[in-house]
Each structure stands twice: as structure tokens, then as C-alpha cells.
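The values are calculated or read from the model by the stated rules, or taken from the named source; none is laboratory data. Owing to the predicted nature of the structure, the values given are computational and were not obtained by experimental measurement. Quick reminder, even Gly has a Cβ in these numbers, built from the backbone with ideal geometry, and neighbours come from all protein chains shown. These area figures cover heavy atoms from the full protein model, side chains too; ligands, DNA and RNA do not enter into them. Shrake-Rupley method; radii C 1.70, N 1.55, O 1.52, S 1.80 Å.
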Amino acid sequence: MIIDERTSRSERVISAGMMMMTAARTAPKAKGLDLLECCLLTGDDIRKLSDVMLQLHEETGRPVYKRDGGNILSADAVLVIAAHNRPLGLNCGHCGYPACGDKPAQAPCAYCPTDVGIAIGSAVATAADLRVDTRVMFSAGMAAERMNLLPGCTQYFAIPISASSKSPFFDR
């Protein structure tokens, strides 16, 4: 059997995305509590994410949504990572409030974005090991949050993934 690199590229990128999800899941988390959620978008779901990004551009006028909304269409997969915002009961004050019970529900626990960041780092390190191109995008994360892709979560970020002769996420 002969497997052509060009015709099998998309399935290999999706496989890399699945390994990136594993890396995010196994990343260290505060108190060992796993409050992360991940999903991988492909095909029409990437188009839907792009459409929401373009909608955000129309609403806000921020060029980043239009630029990135077009840019993700070059991806074969988009990894979305977010976390449930639950206080960990440490009463550490890192969130700006003296105790977890004093923190308003909408204010994030300081460990929520930290866990998301560590998971993102693990995911993109895996991508680098696999030699696929990525870029961490808050803009695509905002669109994913608007789409409620990971219900009950906050701190959304998205990572488009590609394998082409030149990264579509560089020199945008």
C-alpha cells in the first residue's frame, strides 16, 4: 500500500489534536482537581467557529476577530480548552478576596486560568514534538465560549492545528 502524504495529512493533524487533548488532560492541576474540558473541532465545525468570530468582529470592531476568523479556516483541526470555575477552598487570597467564600461567583478562582495555561503549554509542547503548526488564540476561544462548546466552563482558548509547508499562523 502507498499512503500519499498530501491525502493523509488531515487525518494525521486530527490524530495530533487528539494527542494534544491527552497532553492537556494529563497536565498538572491545582490540588489535583481536574476541572478542565477539551474538544476538537474539524470540518464544518471550524467554519461555524469562524462565522462566530466574524460576528464578534462585526459587534466589536476588533480586527483580531476578522483576521483570526479567516486564519482558522487553514486549520484541519482546532483544539478548544476551558475550565469550570470552582473555588478550590484554599482561601489563599490570590483572586483578590481574603477567602473563597468572599469571592463573587463570576470572579475566577486564581487557579482556574493557571490550570488552563498549564494545559495549553502541555498541548502545544506536544504539537511541537509532533511537528504540527499551532497558535494559541484567545479570539477563537471567545467564539467557542459564545457557542457554549464546553458548557459550564470559562477561560476558553483555542488552538488551530495545521501541517503544511509554511505555517498559516505565522506572518498573518
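See the values below:
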quantity	calculated
Partner aspartates and glutamates for residue 31 [C-alpha distance under 15 Å; skip if fewer than 8 residues away on the same chain]	115
Accessible area of segment 35-94 belonging to carbon and sulfur atoms, whole % at 1.4 Å probe	43 percent
Heavy atoms of residue 171: accessible area, 1.4 Å probe, square angstrom to 10	120 Å²
Note, ³J(HN,Hα) from phi for segment 59-69, Karplus 6.51, -1.76, 1.60, rounded to Hz, x at Gly and Pro	6, 9, x, 6, x, 4, 5, 5, 4, 6, x
Which of 14, 137, 3, positive extreme of dipole for the chain (C-beta unit charges)	137
Å² per residue, accessible surface of segment 69-141 at 1.4 Å	44 Å²
With all protein chains modelled, accessible area of residue 111 [1.4 Å, Å²]	60 Å²
Semi-axes of the equivalent ellipsoid for segment 50-104, Cα gyration tensor, largest first, Å	36, 15, 8
